[in-house]
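Trainee: Got a structure for you, questions after.
The values are calculated or read from the model by the stated rules, or taken from the named source; none is laboratory data. Predicted, not measured: the structure shown is a model, and the values here were computed from it. With ideal geometry, Cβ positions are generated from the backbone for all residues, glycine too; neighbour counts draw on all protein chains shown. Note: accessible area is taken over every heavy atom of the protein model, side chains too, but ligands, DNA and RNA are not part of it. Shrake-Rupley method; radii C 1.70, N 1.55, O 1.52, S 1.80 Å.
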Amino acid sequence: MSRVRRHDPNTLLGIVAILLWSATVALARSISERLGPLTAGAAVYLAAGGILALHLFWRERSFQALRKLSRRYVCGCGGLFVLYTLALFLALGLAADRGQAIEVGLLNYLWPTLTILFALVFLGRRAGVGLIPGTVLALCGVFLVLTQGAAVTWTSFVANLRENPVAYGLGAFAAVAWSLYSNLTRRWGGSDGQGAVLVFTLATGVAFWVGRLLHPEAGTWGVRVAAEVALLALATGLAYVFWDLAMRAGDLMLVATCSYLTPFFSTVVSCLYLEVRPGVSLWVGCGLIIAGSFLSWKSIGPATEATP
């Protein structure tokens with residue numbers, strides 16, 4: 001892979017997206033506490049969609065470019081995008097407390113490892129023997145995060161899941177959905193032209209709003225929550241656009257490598273913003289997830305990507 005390819009603008013934008021996502025867990029949990037997860041998701045994604053629509057219209061003076069997008073990309077990747085976002089916001093909102101929200105957030109950050117695994121199937125990558133120990137390390141990290149080291153046994157693991165199975169299950173599902181989205185965006189999205197992040201974001205906002213109409217939530221708006229919604233909407237919109245460009249036209253494997261640090265950055269920001277004191281086992285589990293994901297990446301060799 002050439003040096004130019006590794007440092008092209010789309011790849012760098014993917015790395016910026018990773019940094020922007022570091023605040024997602026903290027802000028999403030804080031907003032959900034005040035508005036409820038469905039209202040929070042609707043507010044953030046409708047605002048983000050509005051920002052992206054204004055930007056696209058300002059640049060193109062029309063939305064005609066969206067009509068040229070692949071139907072498979074729009075429907076397939078769009079569906080995964082919406083499912084991922086719904087699962088993540090609901091998981092964070094349903095977490096029993098802020099500490100559990102951080103744990104659920106870490107479960108979601110299994111997606112770098114899963115992205116590598118799915119690349120073997122969808123992008124024709126080849127794997128070495130390091131993939132197996134890498135995957136095992138990442139799973140051990142998840143196990144340690146869930147049990148929090150008090151008594152690392154199968155019984156304690158099951159007990160933690162039984163306490164709030166929906167939140168943890170949604171967190172894991174989000175990881176699967178996003179890793180599939182990243183790979184299929186590369187395969188179906190094409191490297192040229194306009195992505196469909198605007199459509200995906202607005203569809204997600206509408207899905208959250210419909211959910212809120214079906215299940216009303218009691219919430220309280222204020223200056224702080226409005227500022228958090230605006231900040232998260234801006235960061236979310238930019239991050240998804242940057243990630244879409246990186247997946248379609250950048251160095252997917254290099255960006256995936258950098259994404260292994262996302263659990264660390266996210267945990268640091270979440271603990272500071274949500275005022276949670278992390279235990280040693282949380283950091284060890286986070287480290288194992290990062291190490292396992294990195295080892296998995298190192299085991300992947302170059303190969304010709306599968307054709308759409």
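Trainee: Would you mind working out the accessible area per residue for the chain, using a 1.4 Å probe, and quoting it in Å²?
Mentor: Accessible area per residue: 44 Å².
Trainee: Now, a different point. Label 7 Å along Cα→Cβ of TYR273; the range 196-214 residues with amide nitrogen under 20 Å?
Mentor: 201, 205
Trainee: Please say if the chain is rounded, prolate or oblate, where rounded means a/c under 1.5 for a ≥ b ≥ c the square roots of the C-alpha gyration tensor eigenvalues, and otherwise the choice is prolate for a/b larger than b/c and oblate otherwise?
Mentor: Oblate.
Trainee: Assuming a ≥ b ≥ c are the square roots of the Cα gyration tensor eigenvalues, decide whether the range 163-308 counts as rounded (a/c under 1.5), prolate (otherwise, with a/b larger than b/c) or oblate.
Mentor: It is oblate, given that a/c is not under 1.5 and a/b is not larger than b/c.
Trainee: Apply the Karplus curve 6.51 cos²θ - 1.76 cosθ + 1.60, θ = phi - 60°, to the phi angles in the range 231-242 and return the couplings in whole Hz, x for Gly and Pro.
Mentor: Couplings: 5, 5, 4, 5, 5, 5, x, 5, 4, 5, 5, 4 Hz.
Trainee: With n ≥ 4 as the cut-off for DSSP H runs, can you work out [θ] at 222 nm for the chain, using -39500 (n - 2.57) per run divided by the number of residues, rounded to the nearest 500?
Mentor: Rounded to the nearest 500, it is -24000 deg cm²/dmol.
Trainee: To the nearest 10 square angstrom, what accessible area does ARG29 show with a 1.4 Å probe?
Mentor: 20 Å²
Trainee: Through the Karplus equation 6.51 cos²θ - 1.76 cosθ + 1.60, θ set to phi - 60°, convert the phi angles of the range 199-207 into ³J(HN,Hα) values in whole Hz; use x for Gly and Pro.
Mentor: Once θ is set to phi - 60°, the couplings for the range 199-207 become 4, 4, 5, 5, 4, 5, x, 5, 4 Hz.
Trainee: Quick one: Karplus J couplings for the range 97-110, per residue in order, coefficients 6.51, -1.76, 1.60, θ = phi - 60°, nearest Hz, x for Gly and Pro?
Mentor: 8, 5, x, 5, 4, 5, 5, 5, x, 5, 4, 4, 7, 6
Trainee: OK, next. Mind running the shape call on the range 225-304? Use the C-alpha gyration tensor, a ≥ b ≥ c as the square roots of the eigenvalues: rounded below 1.5 for a/c, prolate if a/b tops b/c, oblate otherwise.
Mentor: oblate
Trainee: Something else about it: Summarise the accessible area of the chain (1.4 Å probe, protein heavy atoms) by the percent that is carbon and sulfur.
Mentor: Ligands and nucleic acids excluded, carbon and sulfur give 69 percent.
Trainee: Using a 7 Å offset from the Cα along the Cα-to-Cβ direction at both ARG224 and GLU163, what is the distance between the two label points in nm, to one decimal?
Mentor: 2.5 nm
Trainee: What net charge do the residues around THR39 carry, taking every other residue with its C-beta under 10 Å from that of THR39, with Lys and Arg at +1 and Asp and Glu at -1?
Mentor: Once positives and negatives cancel, what remains is +1.
Trainee: Give the long-range amide H neighbours of ALA127: residues separated by 5 or more places, or on another chain, with amide H under 5 Å away, using H modelled in the peptide plane at 1.01 Å from N.
Mentor: Result for ALA127 returns GLY301.
Trainee: Measuring from label point to label point, each 7 Å out along Cα→Cβ, what is the LEU231 to VAL210 span in nm?
Mentor: 3.2 nm
Trainee: For the chain, with a Gaussian network of springs between Cα atoms less than 10 Å apart, report the residue from LEU69, LEU252, LEU107 with the top mean-square fluctuation.
Mentor: In this elastic network of the chain, the residue with the biggest mean-square fluctuation among LEU69, LEU252, LEU107 is LEU69.
Trainee: Compute a Gaussian network model of the chain, connecting alpha carbons closer than 10 Å, and tell me which residue from GLY169, GLY49, GLY292 fluctuates the most.
Mentor: GLY169
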